[in-house]
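Peer 1: Can you keep this structure in mind? I'll have questions shortly.
FYI, it's all coordinate maths here, none of it is from the lab. The structure displayed is predicted, hence computed values, not measured ones. Here the Cβ is made from the backbone with ideal geometry for all residues, glycine too, and neighbour counts use every protein chain on show.
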Amino acid sequence: MTSVARCPACARPARSRDRFCGACGTAIAPTPGAEPLVCTDCGAIVEDEDDQFCTHCGARFEA
Ligand SMILES: [Zn+2]
Ligand SMILES: [Zn+2]
């Protein structure tokens, strides 16, 4: 089951971490159960779940 967050105003699909629609700026409710990924080293929010390394400090993420 995939739950893709969508903008409530223009229905543009949003990435799971998007807080606001990239097309119209409407606030998007966070997907329930979607915990933000954070770097265990520096605490930076990981924008892309597929990233293997922190884009902020370079720490490697453990699987
Ligand atoms: Zn929108
Ligand atoms: Zn980091």
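Peer 1: Grab the beta carbon distance between Glu62 and Arg15, set R0 = 22 Å, and tell me the FRET efficiency rounded to 0.05.
Peer 2: It comes to 0.45.
Peer 1: Counting only residues 5 or more places away or on other chains, whose amide H sits under 5 Å from the amide H of Arg6 once H atoms are built in the peptide plane?
Peer 2: Ala14
Peer 1: Here's something else I'd like to know. Distance in nm between label sites at Val4 and Asp50, each 7 Å beyond Cα in the beta-carbon direction?
Peer 2: 1.4
Peer 1: Kindly write out, for region 17-29 in residue order, the coupling ³J(HN,Hα) from the Karplus curve 6.51 cos²θ - 1.76 cosθ + 1.60 (θ = phi - 60°), rounded to whole Hz, with x marking Gly and Pro.
Peer 2: Running phi through 6.51 cos²θ - 1.76 cosθ + 1.60 with θ = phi - 60° gives 9, 5, 9, 9, 5, x, 9, 10, x, 5, 5, 10, 5 Hz.
Peer 1: Can you give the extra length, in nm with one decimal, that the chain gains between Cys42 and Ala23 once fully stretched, where that is 0.36 nm per residue apart less the Cα-Cα distance?
Peer 2: 3.8 nm
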